[in-house]
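Working notes, beginning with the structure itself.
The values are calculated or read from the model by the stated rules, or taken from the named source; none is laboratory data. Given the structure is predicted, the values throughout are model-derived calculations rather than measurements. Using ideal geometry, Cβ is built from the backbone for each residue, glycine included, and neighbour counts are taken over all protein chains shown. Side chains are part of the model used for accessible areas, which takes the heavy atoms of the whole protein and leaves out ligands, DNA and RNA. Shrake-Rupley method; radii C 1.70, N 1.55, O 1.52, S 1.80 Å.
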Amino acid sequence: MYKYLLFDLDGTLTDSYDGIAGGIIYALEKMGVQGYERQNLKMFMGPPLFNSFGKIFGDDTEKINLAVQLYREYFDEIGWKENRVYDRVPQMLQAFKDMGKIMVVATSKPELFSRRIVEYFDLGKYFAFVAGASVGPERASKSSVIEYAIKNAGIGKADALMIGDREHDILGAKQCGLKSMGVLYGYGDRAELVEAGADYIAATPAQVVEMIA
């Protein structure tokens, strides 16, 4: 059905909640911001960091940039390893590899961290390219990451499917002219994915394979 499969990273391939939450709390505490609990940071799971910190600091670009810098300080040392591959994801990727699908990671996480995580968790063998966000805000939106992936991996849009767990994955795909699939085992839910306009919704990695095969 599709020759090219673009996968989000956080919430789709790996459960990175602990590392992201740890980085957020570290940054906010360093900046003297109170009232955020580690277990209640779902809004940070998926969107670009500049957008998420913008919900806290409004239009204060200086504070947003400092928060992102502090977050990355934590993530570079500790947070990127506070992660795990979702159950059955390797089997899903192997099934697609056996089918001859060309797979690419397209994530709002900075490319440096994304490549490190993909290799550390032995997922690199499945992907032709890992596309992540830039360090600055130049390539921060999901649509800009997807376009970057398309250009660098030689992807034909008509034969491509974006797979992710949050509305940003679905909306980014639409902006780029791609079909999309939402997954329910990550950080989003069915209502969010339906409202965003996902073309398909899968409950498990096994169902992702069933629906695309």
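Residues in segment 21-42 that are in contact with a helix residue (DSSP H, G or I) (Cβ under 6 Å, 6 or more places away or on another chain) and either in a helix (DSSP H, G or I) or on the phi > 0 side of the Ramachandran plot (or both): GLY22, GLY23, ILE24, TYR26, ALA27, LYS30.
Test TYR86 against the stated conditions and say whether it is aromatic (Phe, Trp, Tyr), at pLDDT below 95 and out of contact with any helix residue (DSSP H, G or I) (no Cβ under 6 Å at 6 or more places or on another chain). Reasoning before the result, please.
Details: aromatic (Phe, Trp, Tyr): yes; at pLDDT below 95: no; out of contact with any helix residue (DSSP H, G or I) (no Cβ under 6 Å at 6 or more places or on another chain): yes.
Answer is no for this residue.
Of all residue pairs spaced 6 or more apart or on separate chains, those with beta-carbon atoms under 6 Å, a first member in segment 49-66 that is within 16 Å of GLU29 (Cβ to Cβ) and a second member that is open to solvent by 70 Å² or more (accessible area, probe 1.4 Å) are PHE57/LYS63. Filtering segment 19-50 to residues that are closer than 16 Å to ASN83 by Cβ and exposed (fewer than 15 other Cβ atoms within 10 Å of the Cβ) leaves only ARG38.
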